[in-house]
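Okay, so here's the structure we're looking at.
The values are calculated or read from the model by the stated rules, or taken from the named source; none is laboratory data. Since the model is a prediction, treat every value here as computed from it, not as a measurement. Methodologically, a virtual Cβ is constructed for each residue, glycine included, from the backbone with ideal geometry; neighbour enumeration extends over all protein chains shown. To get the accessible areas, we keep the full protein, side chains included, count just its heavy atoms, and leave off ligands, DNA and RNA. Shrake-Rupley method; radii C 1.70, N 1.55, O 1.52, S 1.80 Å.
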Amino acid sequence: MKRQITFGQALATVVGTVIGGGVFFKIGTITQQTGSSSLALFVWVLAGILSIASGLTVSEIAAALPVTGGTIEYISYTYGKLWGFLFGWAQMLVYYPANIGALSVVFGQQLATMLGIPSKWTTLIALGTAVFLTLLNFIGTKFSTKMQAIVTFLKFIPL
């Protein structure tokens, strides 16, 4: 598999996905559930530690296996080609569209709130955002990862 993105672009993609959905949308729910800002911060730190542990686990698996194609290849090698094939289809048909949909809804709600747009337009904003992100990914890996790096940088401004 040809490498098309840099380490910085890959990092921006991961950081941008985490910041995109979690930081701006879930903090109110977590604070409400925990009842204090200290416990909410503890939950975020714990989630960060679990995320790092998950990444390190996948890194260990990647280093130990003789295949280099990513998660689908790891599952195919470990459990068989059928499970790798099914995982790939599940990613394409469920996980990635749901991720884009969820992030688009969050963006639509936040944009409407920030600009004072009536809430009846949030669905249309979310739909437009989902279509835009899908088309952006069709343009190509290099362009979409550069755009992701820019958007990730912009997300740090309100933080």
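Within the range 118-144, restricting attention to residues that are under 18 Å from LEU11 (Cα atoms) and open to solvent by 50 Å² or more (accessible area, probe 1.4 Å), the residue that is modelled with the highest pLDDT is PHE143. Listed conditions (1) touching a residue at least 12 places away in the same chain (Cβ under 8 Å); (2) part of a helix (DSSP H, G or I); (3) surrounded by 13 or more Cβ atoms within 10 Å (Cβ to Cβ) are all met by TYR96, apart from (1). Of all residues in the range 19-31, none satisfies being over 21 Å from the mean Cα position of the chain (by Cα), aliphatic (A, V, I, L, M) and either more than 18 Å from THR152 (Cα to Cα) or modelled with pLDDT of 90 or more (or both).
The sole residue among THR152, THR78 that is surrounded by 11 or more Cβ atoms within 10 Å (Cβ to Cβ), within 28 Å of THR29 (Cβ to Cβ) and among the hydroxyl-bearing types (Ser, Thr, Tyr) is THR152. The condition of being part of a helix (DSSP H, G or I) and either of a type in the set (S, T, N, Q) or within 30 Å of LYS142 (Cα to Cα) (or both) holds for only one of GLY8, GLY28, GLY69, that being GLY8.
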